[in-house]
Amino acid sequence: MQKLFMLFIGFQLMSCSGTAQKNQNTETKTYPVSKTKAEWKEILSPEQFYILRQVGTERPFSSPLNKIYKPGTFYCAGCKTPLYEGEHKFDSGTGWPSFDRAIEGSVDKDVDYKLGYARSELLCSTCGGHLGHVFNDGPRETTGMRHCINGDALVFEPKNTKHE
């Protein structure tokens, strides 16, 4: 049983980690918010820069946002675009914030072959920041999708507060 658990954890780590190889769809896309590397470094924390601009992955279970399950909106940490609503968040057990859908039009998809097979990478549709990946092992009673998102790519704002 312990070996099976360790195998599962290893698969989960690989399924959300890695540096993506871009395909031509987003490599040539111009995003509405575009900044130089220096400008991004000025406004992002080192962790946010690593995730959003260098296609990094945070350690599982390291984000405080992983355990937030209350009404509100999750915004892109880079450009403040609303990406996910709290009502669509669920506990996937993977160690990363997981959602069954994004706010319509807020997330772009690309293809990542880092692990030797195609995975769908998720990017902010406003700034092109790397968010995570999408998998088809989410809740069957809703969309069946799991948006596996790095917490450092997000900022949470509880409902009934104004976003600035």
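Data table
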{"item": "Flag for F156 being under 11 Å from the mean Cα position of the chain (by Cα) and either within 24 Å of T30 (Cβ to Cβ) or crowded, with 17+ Cβ neighbours inside 10 Å (or both)", "result": "no"}
{"item": "Answer residue from region 97-110, given it is part of a loop (DSSP other than H, G, I, E, B) and either small (G, A, S) or within 10 Å of the chain's Cα centre (by Cα) (or both) and is surrounded by the most Cβ atoms within 10 Å (Cβ to Cβ) among those", "result": "P97"}
{"item": "Test for V107: is it in contact with a strand residue (DSSP E or B) (Cβ under 9 Å, 6 or more places away or on another chain), over 16 Å from V155 (Cα atoms) and not charged (D, E, K, R)", "result": "no"}
{"item": "Residue, modelled with the lowest pLDDT, within region 149-162, restricted to residues that are part of a loop (DSSP other than H, G, I, E, B) and within 21 Å of S63 (Cα to Cα)", "result": "K159"}
{"item": "Matching entry among K35, K70, K41, K3 (being farther than 30 Å from N160 by Cα, outside any helix (DSSP H, G or I) and either modelled with pLDDT under 95 or of a type in the set (D, E, K, R) (or both))", "result": "K35"}
{"item": "Matching residues in region 44-58 - criterion: being polar (S, T, N, Q) and in a helix (DSSP H, G or I)", "result": "Q48"}
{"item": "Sole residue being crowded, with 21+ Cβ neighbours inside 10 Å and either of a type in the set (S, T, N, Q) or farther than 22 Å from P158 by Cβ (or both), chosen from G93, G116, G129", "result": "G129"}
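Okay, residues lined up against (1) without any contact (Cβ under 8 Å) to a residue 60 or more places away in the chain; (2) under 22 Å from K35 (Cβ atoms); (3) in a loop (DSSP other than H, G, I, E, B):
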site: P60; (1), (2), (3): yes, no, yes
site: Y75; (1), (2), (3): no, yes, no
site: K80; (1), (2), (3): no, yes, yes
site: G95; (1), (2), (3): no, no, yes
site: G128; (1), (2), (3): no, yes, yes
site: G132; (1), (2), (3): no, yes, no
site: D137; (1), (2), (3): yes, no, yes
site: E141; (1), (2), (3): yes, no, yes
site: H147; (1), (2), (3): no, no, no
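The values are calculated or read from the model by the stated rules, or taken from the named source; none is laboratory data. In this text the structure is predicted, and so the values were computed from the model without any measurement. Cβ atoms come from the backbone with ideal geometry, glycine included; neighbour counts cover every protein chain shown.
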